[in-house]
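The values are calculated or read from the model by the stated rules, or taken from the named source; none is laboratory data. Remember, predicted model here, so these are calculated numbers, not experimental data. Neighbour counts run over all protein chains shown; Cβ positions are idealised from the backbone, glycine included. SASA here: full protein model, heavy atoms, side chains in, ligands and nucleic acids out. Shrake-Rupley method; radii C 1.70, N 1.55, O 1.52, S 1.80 Å.
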Amino acid sequence: LTQTELEKYRGFVRRRGQREPAAYILGEKEFYSLAFEVSAAVLVPRPETEHLVDEALRWLNARMSADGRQPPSVLEIGAGSGCISVSLAKNLPSIRITATDISAAALAVARRNADRHKVAGRIDFREGDLFSPLGGACFDLIVSNPPYIAENDAAVWPEARKYEPACALFAGNDGLAIYRRLARDIQGF
């Protein structure tokens, strides 16, 4: 290794030794067989979220083949890195998606990921809390992986608690605050 490469490597080891997620150190994480940019502005995509994409694709494919009408409209609440919306758009080229997030920094990462995978023209990213940036739009399918961890949960791994955005992880005393809001506000969509 050159001296520069060695210093970079040692920096990576030092950061990982402080329990910074490897994905943040490398700036990238694989999700649904695609490489996604990640930063401290977004959660690191997790393998279990791929199940959500599988189920959404199954439902969308069944819906499109059953009625033959225009592709269903899809909404993602809490886009983060864009891994869910981008994966859906990449696997179903006929659909259009609206994706919201409360964080402008997260949406910037999501937009870069959509550009990277050449689906940016089919995803409308909007900044705002849950349904607030949508006006009167209606959707056939809503997908979301909202915050779900209780704020005082001692079992949260140090990498997440220290490095990942708290607004994307924690949801009140029992972890269900966002689910309650989604259930209450979904009626109009």
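Numbers at a glance
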read-out: Residue-wise HN-Hα coupling along region 167-175, computed from phi with Karplus coefficients 6.51, -1.76, 1.60 (Hz; x: Gly, Pro); value: 5, 9, 10, 9, 9, x, 5, 10, x
read-out: Protein-only accessible surface order, largest first, of 29, 8, 118, 90 at 1.4 Å; value: 118, 8, 90, 29
read-out: Local electrostatic count, residue 36, Cβ distance below 15 Å [Lys/Arg +1, Asp/Glu -1]; value: -1
read-out: The chain - Rg and Dmax from Cα coordinates, angstrom; value: 17.8, 62
read-out: Selected from 141, 160, 171, residue furthest toward positive end of dipole (region 123-189; charges at beta carbon); value: 171
read-out: Under the Karplus curve 6.51 cos²θ - 1.76 cosθ + 1.60, θ = phi - 60°, whole-Hz ³J(HN,Hα) for region 149-154, x wherever Gly or Pro sits; value: 9, 5, 4, 9, 5, 6
read-out: Radius 13 Å from Cβ of residue 158, net charge of other residues (Lys, Arg +1; Asp, Glu -1); value: 0
read-out: Stretch gain in nm, segment residue 137-residue 104, where the contour uses 0.36 nm per residue and the Cα spacing is subtracted; value: 9.8 nm
read-out: Using alpha-carbon coordinates, inclination of helix 49-67 to the longest axis of the chain, degrees; value: 20
read-out: Of 11, 82, 175, the one that fluctuates the most in a GNM where the chain has Cα springs shorter than 10 Å; value: 11
read-out: Label zone at residue 157 (point 7 Å along Cα-to-Cβ), backbone N below 17 Å, region 1-45; value: 15-32, 38-40, 42-45
read-out: Straight-distance crosslink candidates among lysines, where the alpha carbon sits under 28 Å from residue 8 and sequence neighbours closer than 8 are dropped; value: 29, 162
read-out: Solvent-accessible surface ranking, highest first, for 164, 127 at 1.4 angstrom; value: 127, 164
read-out: Relative contact order of the chain, pairs being alpha-carbon contacts under 8 Å that are 6 or more residues apart, as %; value: 21
read-out: Angle between the chain longest axis and helix 104-116 axis [Cα atoms, degrees, rounded to 10]; value: 80
read-out: For q = 0.12, 0.17, 0.23, 0.24 Å⁻¹, Debye-computed log10 I/I(0) when each Cα of region 123-189 counts as one equal scatterer; value: -0.39, -0.70, -1.03, -1.08
read-out: Under-5 Å amide H pairs with residue 124, H placed in peptide plane, nonlocal only; value: 97, 98, 99
